[in-house]
Each structure stands twice: as C-alpha cells, then as structure tokens.
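Bear in mind these aren't lab numbers, they're just calculated from the coordinates by the rules spelled out. Small disclaimer: the values here were computed from a predicted structure and weren't measured. Note: ideal-geometry Cβ built from the backbone for every residue, glycine included; neighbour counts use all protein chains shown.
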2 protein chains.
Amino acid sequence: MAKLEYTLDQIDYQILRIMQDNARTNNADIARELGMAPSAILERVKKLEQKDIILQYNAKINPDALDQKMLSFIFIKAQDIIGVQKVGLLLAEIPEVQEVHDIAGDDGYLIKVRTNDAAGLVDLMRNSLGKIEGIISTRTTIVLETVKEEQKLVIPTKK
Amino acid sequence: MAKLEYTLDQIDYQILRIMQDNARTNNADIARELGMAPSAILERVKKLEQKDIILQYNAKINPDALDQKMLSFIFIKAQDIIGVQKVGLLLAEIPEVQEVHDIAGDDGYLIKVRTNDAAGLVDLMRNSLGKIEGIISTRTTIVLETVKEEQKLVIPTKK
DNA sequence: TCATAATTATGAATATTATTCAAATAATAA
DNA sequence: TTATTATTTGAATAATATTCATAATTATGA
C-alpha cells in the first residue's frame, strides 16, 4: 500500500513539521520560511503525498461543538483468527468508532469511541457492537477528561 | 476556554464535513461546492476558528515513514488527587505521548504512545515515565496492527 | 576524477485564489 | 411593521498556486 522507498531529508522534515503544526499553511509561507522557491516546495509536498508520507489533511473539530462529549475505550475480546480481523473491519465501519487496534494479549481489539453521552454509548454497544458476530466480551473504560489528544509524530532533527 | 455560545447550521456542518475530509480544500472550492460566494465561506470559516469549533488543521503523517512503527497504550495508576492531574500534565509533556486521558476507575490515566520500536518504548518508560513522581504502576498494551485511526467526528445531517 | 545522467531548484509568466469592503439581503426582535 | 443585527454578495485588489523552460545540484559509473 504505502510505497516508502524514499529517503527524507532535512527539508522534508521541516515541511512535515510545518504541515503537522498547521496543515493550511500555504506554499508561499513554507517557501519563505525555508528560503526556497514556492515551486520547489510544491514539488516536494506533492511527492510527500504521492509517496504516502503525508496521508491526509484534516481539521480537528471540537467534539463539544458537535455534542460529542463522551469518549470511551472499549476492549473487545473476539474470536478472530489472528491476522484475519473480520471483527476489526466490522468495528471500523462504525462511524462513532475512531480507532480500532488489534492488540496483543487475549483481549483482541481496543477501540476508541465518541458518542453524545452515556446513552449514546449504550446505544452503540447494543445496536452496533451487538450485531457483530464473533465478539465474545467487552470491557469499557470511560474517559473523564482528556489532557492531551494529538497525533503529532516526533520528527527527527539534525543528524 | 472554548466559547461555544454558537449554533451551527447546515452550512456550517457542510463546511466542517469538507474540512474534516480535506483540511486543505480551498475557499473557492468550498464556495463552489456549497453554491455560495467565497467571501461568505471565508467569513464562516474564520468564525468557526474563532469560536473554537475548528481547533486546528493537521497533516496526518505516516508513522512508518518516520520509523515510528510501535504503538502502545499504557494504563497508569497514579496518586493524583482527583481533578488535579499533576501526573497527567507531566505525561502530556512527553513528545512521544500522543494522548493522555484521565479515566474512571482506579487506573488513573490511559496514554497512547508512539515509539520507534520496543526498545524505544522501554526507553520511554524508564527515562520519561520513570522520572514522574506519583506513578504507582503501569500496565502496557501493545498494538499489533491498527485497523482504523481517525479523529473524524460524526457530523449531524438534516434535522 | 570526470563526465554524464538524473534529480531538484529557480524564476518568470499565467491562472486561481484569498481577502477586503461597500451595498444588498435576510433574519430577528421590538 | 419597522428597526436592528447578521449574513451574503459581488467587484476590486492582493496574494498565492501552478506550470514549465532553464539552471543548478547531486548522484552515478567508468
């Protein structure tokens, strides 16, 4: 899927750093910051996209603004054969499920779910999870408060 | 912090939907898609930003491209007084820690950590977590494979 | 090392977009 | 209904994106 036969240099790292910080930074600004021609930056950004190094650009929306105040993590024990992930794929189809991780240990999956409230969570568990065959059991962890939530990667410096 | 005395309408939702899908969509394109003047869209986007509805724009970078192939979740039992989160704030300062959630139950925190490999994780636990006072114990869950990882919210339709 | 090839950057030209703002509309409240 | 406020439009200008030929740089192999 991702074709990573590609070596990133310092300039790429700087671009990634800027983009990771603000994905709407325009080419001209990046070019100015790096002291290069906008066309050169454009070229690199396109390549980063094509090589699947930059996967996507997304806006982080305030969950409260959409009344999605409840965040939970659910451990799901499933009877999937290791590496097949049938249950995992079904879980991934649920819109409220933001993340699905196949985890080590007998739990099977760890999923991250955002709902309006507790009722929404119950709903989801009953209607969505409940309909997936192969789920043996679930264990839910409720988030009281989120202190940090980013997906920023640590980008290498110098070298 | 966030001032949410603001009611979103269908147009706002559409903008959010577009932005959530591709944060680099330009104003002109959004305007065309919604059949409105670019200036009107600009106005709305600015407001969405100012009202802390759109929190930030970020590029999702392929972790593999930066050799961050290891993802783990760590439950941290801490002796924080409920609601004070001293440990939580210290955890949030660690760059490899992408998320810190204060969770219900006696576990305390659930954090999401990205490192190069197992050695990097051990390093982090020893050097970073190890230096935080107030951590009573940790329980680590290793991610074998991620099936889905987004932060897209479910945006209401019609009404 | 040198020459050639391949890659990447530049700079200028053009196409598009962003941004501003006054006027017009629409929505809301009194 | 009328006044008030908020939003949208449309036009004008500033700025950015994009293309592409040329130049510079870097990599490669004899």
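When each of B:LYS112, B:LYS148, A:LYS86 is scored by the number of other beta-carbon atoms lying within 10 Å, the sequence from fewest to most is A:LYS86, B:LYS148, B:LYS112.
Here chain A is assigned +1 on the Cβ of each Lys and Arg and -1 on the Cβ of each Asp and Glu. Its dipole about the Cα centre then comes out at about 360 debye. The simple Förster model, with R0 at 30 Å and r as the Cβ-Cβ distance, assigns B:GLN56 and B:LEU144 a FRET efficiency of 0.50. Anything over 22 Å Cα to Cα? Flag those among A:LYS152/B:LYS47; A:LYS46/B:LYS46; A:LYS47/B:LYS47; A:LYS148/B:LYS77; A:LYS46/A:LYS112, in the order listed. From A:LYS152/B:LYS47; A:LYS46/B:LYS46; A:LYS47/B:LYS47; A:LYS148/B:LYS77; A:LYS46/A:LYS112, over 22 Å: A:LYS152/B:LYS47; A:LYS46/B:LYS46; A:LYS47/B:LYS47; A:LYS46/A:LYS112. In this assembly of identical copies, the label point of B:PRO38 (Cα plus 7 Å along Cα-to-Cβ) is separated from its counterparts by 1.3 nm, sorted shortest first. Every Cα-Cα pair in the protein assembly as shown was counted, and those over 25 Å apart are 56% of them. Computed on the Cα atoms alone, the convex hull of region B:63-142 gives a volume of 78 cubic angstrom per residue.
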